[in-house]
Amino acid sequence: MISYQTDGVAMPSIKKRETTAWIKAVAATYGKKAGEIAYVFCSDECILDVNRQYLQHDYYTDIITFDYSEDDRIGGDIFISLDTVRSNAAQFGTPYEEELHRVIIHGILHLCGVNDKGEGERQQMEEAENKALALRQS
């Protein structure tokens, strides 16, 4: 089950049923099934608290993914700062909704095993995001 929650912010205007179907379709392209996935949309301050408390990182970010996947069933808690998504959309000159969906699927791609920290991995993640975004629009 995929759930969508908020912590201190208004729920973004996403079509939950369509988004859930899209997430499941993207996971399937990696041979994965969606298990328990909880999205928590929050503020910069909330994500900073999560980053400090659980990862010992002292900086803001757009997304933090906690991976509880087992075998071919992906699961996890995905925190998304809507403040950072909004500022990134402005910085990159992309519509807010597109940036939000990019970040939503970024967490799923992490759960599917796509990384973005090592050499060359950021480019692979961007390609995977673009491919997933294209699936959403088709």
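Every read-out reported here was derived from the displayed coordinates using simple, explicitly stated rules and does not represent laboratory data. Because the structure is predicted, anything quoted here is derived from the model rather than measured. All Cβ positions, even for glycine, are placed from backbone atoms using ideal geometry, and neighbour counts span all protein chains on display.
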Checklist entry - Which pairs have Cβ atoms under 6 Å, sit 6 or more apart or on different chains, and link a residue in segment 105-118 that is in contact (Cβ under 8 Å) with a residue 24 or more places away in the chain to one that is among the acidic types (Asp, Glu) and not in a helix (DSSP H, G or I)? => result Leu111/Asp67
Checklist entry - Just wondering, is there one or more residues in segment 74-87 that are within 14 Å of the chain's Cα centre (by Cα) and farther than 17 Å from Ile47 by Cβ? => result yes
Checklist entry - Of the residues Glu121, Glu99, which is under 11 Å from the mean Cα position of the chain (by Cα) and free of Cβ contacts under 8 Å to residues at least 40 places away in the same chain? => result Glu99
Checklist outcome for this item: Scanning segment 84-138 for residues that are acidic (Asp, Glu) and buried (at least 18 other Cβ atoms within 10 Å of the Cβ), the one nearest to Tyr68 (Cα to Cα) turns out to be Glu129
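Out of Val9, Val50, which single residue is in contact (Cβ under 8 Å) with a residue 24 or more places away in the chain, more than 23 Å from Asn130 (Cα to Cα), surrounded by 14 or more Cβ atoms within 10 Å (Cβ to Cβ) and more than 16 Å from the chain's Cα centre (by Cα)?
Val9
Return the residues of segment 28-64 that are in a loop (DSSP other than H, G, I, E, B) and of a type in the set (Phe, Trp, Tyr); say none if nothing qualifies.
Tyr30, Tyr59, Tyr60
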